[in-house]
Amino acid sequence: MFELQEKNFNTPDEQHVPGRGTVDVVKIGEFVLRRLTFQPGWKWTEDVKPTAGTETCQIPHLNIHLAGRLAVRMEDGTEKEYGQGDVSLVPPGHDAWVVGDEPVIIIEQTP
């Protein structure tokens with residue numbers, strides 16, 4: 001059963017710092033949401049790969065892009081760039097990096 005609840009990303013339940021990024025985790029009801037903030041220069045293969053232990057990110061992401069530009073390259077070479085207002089579904093097997101000098105801010109849900 002659901003009840004009216006409130007949380008705020010400014011006081012997250014958890015926080016992780018993958019290199020030049022910050023992941024704020026909010027757990028509310030049965031849901032888990034993350035606010036991802038990646039600074040210019042952030043790249044998955046440089047900032048996360050050393051601790052992930054895989055060549056590419058193996059987690060699917062449903063993202064709402066709030067700020068900045070994020071490029072994604074799939075293992076097959078397909079590339080796409082996302083910006084403010086975009087909603088993306090990124091399957092496992094990708095690299096990603098910040099494009100330009102503006103931080104990337106994303107609200108994310110993963111399975």
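About the centre of its Cα atoms, the chain shows a dipole size close to 100 debye [charges on the beta carbon of Lys, Arg (+1) and Asp, Glu (-1) only; nearest 20 debye].
In this structure Glu75 has an accessible area near 130 Å², from a 1.4 Å probe over the protein heavy atoms. A helix-only calculation puts the chain at -1000 deg cm²/dmol for mean residue ellipticity at 222 nm, using -39500 (n - 2.57) for each DSSP H run of at least four residues, averaged over all residues. Net charge in the neighbourhood of Cys57 (other residues with Cβ under 9 Å of its Cβ; Lys, Arg +1, Asp, Glu -1) is 0. Counting only protein heavy atoms and using a 1.4 Å probe, the accessible area of Asp47 comes to about 20 Å². Here the contact order of the chain, divided by its residue count and restricted to Cα pairs under 8 Å and six or more residues apart, works out to 28 percent. If you sort Leu4, Leu36, Leu66 by accessible surface, 1.4 Å probe, largest first, the order is Leu4, Leu66, Leu36. Taking Cβ atoms as reference points and 15 Å as the exclusive limit, the residues near Pro12 contribute a net charge of -1, counting Lys and Arg as +1 and Asp and Glu as -1.
The values are calculated or read from the model by the stated rules, or taken from the named source; none is laboratory data. Note that the structure is predicted; figures quoted are calculated from it, not measured. No Cβ is skipped: glycine too gets one built from the backbone with ideal geometry, and neighbour counts run over all protein chains shown. Areas reflect the complete protein model, heavy atoms only, side chains present, ligands, DNA and RNA absent. Shrake-Rupley method; radii C 1.70, N 1.55, O 1.52, S 1.80 Å.
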